[in-house]
Amino acid sequence: MRKLIRCGKLFTGNESIAPPDHTLVIEGDKIVFAGPTAKAPEAGPHDEIIDHSRHFVMPGLIDSHVHLSYGNAKTQEDIDLYASLEFRAIRGLEAAQRVLRAGYTAMADLSISGRVSLAVRDAIEAGLFAGPRVSSSGRALTTRQGLDDWYPRWIGVPDTSIGVLVRNLGEGIEELRGQVKDGVNFIKLAMDGDAMNPATGMIAGFNQEETSALVTEIHRLGKKAVCHARGAEAVRYSARAGADVILHASWMDDEGLELVVKHGCALIPTLSLIVNNIDFTQPTDACYPAFPDAHKRELEAAVKALGKARAAGVPFLVGTDSGFAVTPYGEWHARELEHYVKYLGFSPAEALRCTTAGNTLLLKEGGAIGRLEAGCLADVVAVDGNPLQDIAVLQDRSRIKAIFKSGELVKLSINDNARRLNSEFSYQMWNDVYTQERVATLRARGRTAA
């Protein structure tokens, strides 16, 4: 039995248009025809005709930067310390389902704790649970200057952290070889830190010799290299080493851009964490105003650097850093497309092509997804509205009228009232220090000090 989906408009991911009155024909888990309805095969007596003639039909969306093990974290400690790895895996499966419910049929996880997302990936592939297609790295390789050596030196990098500290090149080679044995889809290197560091002080954690040796070994083992690099130095080292993907590149300089072009690197800017932090963080949040202010500076630098990269023809992937409290699962994935349009000058069609056909570089399925054409896997989304006219419609889940994965209609039952456990967080006893002066102030305001 085949499925024939009547499409009001069909966006294949290959072109920047969505012509009307087209039909998709699905047999098994693959598309066998995508074209004008007048040229489509006739439906047989046992075929199913699915009417989306009033909807915009497109490939399943892809997010190339998600963190399933983070749990919508409010602090780094929430990510690394409190929930058990076993609990994180179960929680991560539910997070993956939220991603799927938003119309994202595939995703890449770019650093995990333990083997959490590898387990989620395998459970979904085994058919134990419904979920998106997951491709994943292992823990990010970091040095003392890298993003994931977060804690003071006397604590170090815990085994439950999303990073693994490598103290020399030999340890780095051994770690990535172990991750390949674990079945990762790609390897992530934490080349530098984050926006809380001044741009001028963002030093690369690996030197050029180390970076090149690590990327060479990653490629020798048949995997892709992903480098977290916000600062100019880390971008240069990553590009010169031939990294497949560079995350952020916010302070990339002209030399770095030349190297990115020369070595064919792709970029994942991940503006969602930056912009959401600027837009959503409240004065009552502990990181206010330092973190939003730092991200304002980063956004200003990123718009300039990434605008040059786009003009130079550098390929862009689309990712959101979902898994933090300001980028919760299933909520803001499609907002990244709006950022591409608003801040980087992409047209809605260009942004949509980036997150479909262009977003398959890191995925184990490769070009078998992200496009609606004969021979591709039938990952399909039907939308009430036209994202080519208003890219923001994809943020409204009520507009997502149907999601198909491998030709099957996705049906999910997610408990939106699930609660968070105290064991997932730091045991914080007070929000204030109750000096005599502070207690007097509270009493003057009519509050009880106890």
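Computed values, structure above
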item: Those GluC sites (Glu not before Pro) in region 11-110 that DSSP places in a loop and that have at most 14 other beta carbons within 10 Å; result: Glu15, Glu42
item: GNM flexibility winner over the chain from Leu362, Leu61, Leu169 (Cα, springs under 10 Å); result: Leu169
item: Extension gain (nm, one decimal) between Arg177 and Arg397, 0.36 nm per residue minus Cα-Cα; result: 75.1 nm
item: Virtual paramagnetic centre 7 Å along Cα→Cβ of Gln389, amide N under 18 Å, in region 333-368; result: 347-350, 352
item: FRET efficiency estimate (nearest 0.05) - Cβ-Cβ, Glu255 to Phe129, R0 60 angstrom; result: 0.80
item: Net charge dipole size for the chain [Lys, Arg +1 and Asp, Glu -1 on Cβ; Debye, nearest 20]; result: 480 debye
item: Computed [θ] at 222 nm, helices only, for the chain once each DSSP H run of length n ≥ 4 contributes -39500 (n - 2.57); result: -9500 deg cm²/dmol
item: Label-point gap, in nm, between Thr435 and Ile414 - each point 7 angstrom along Cα→Cβ; result: 4.5 nm
item: Cα lying deepest toward the dipole's positive end in the chain, options Thr360, Pro269, Ser406, charges on Cβ; result: Ser406
item: Gaussian network model of the chain, springs between alpha carbon atoms under 10 Å - residue of Gly323, Gly366, Gly358 with greatest fluctuation; result: Gly366
item: For region 62-75, Karplus couplings with θ = phi - 60° (6.51, -1.76, 1.60), whole Hz, Gly/Pro x; result: 10, 10, 8, 7, 10, 10, 5, 8, 6, x, 6, 5, 9, 9
item: Distance in nm between pseudo-label sites at Asp293 and Asn168 (7 Å out along the Cβ direction from Cα); result: 4.2 nm
item: Distance between modelled label sites at Glu209 and Ser84, nm, 7 Å Cα→Cβ extension; result: 4.5 nm
item: Cα shape, region 244-384, gyration tensor, a/c 1.5 rule; result: oblate
item: The chain: antiparallel DSSP beta bridges as a percent of all, rounded to 5; result: 40 percent
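Throughout, read-outs are computed from the coordinates displayed, never taken from laboratory work. This one's a predicted model, so the numbers in the text were calculated from it and none came from an experiment. Methodologically, a virtual Cβ is constructed for each residue, glycine included, from the backbone with ideal geometry; neighbour enumeration extends over all protein chains shown.
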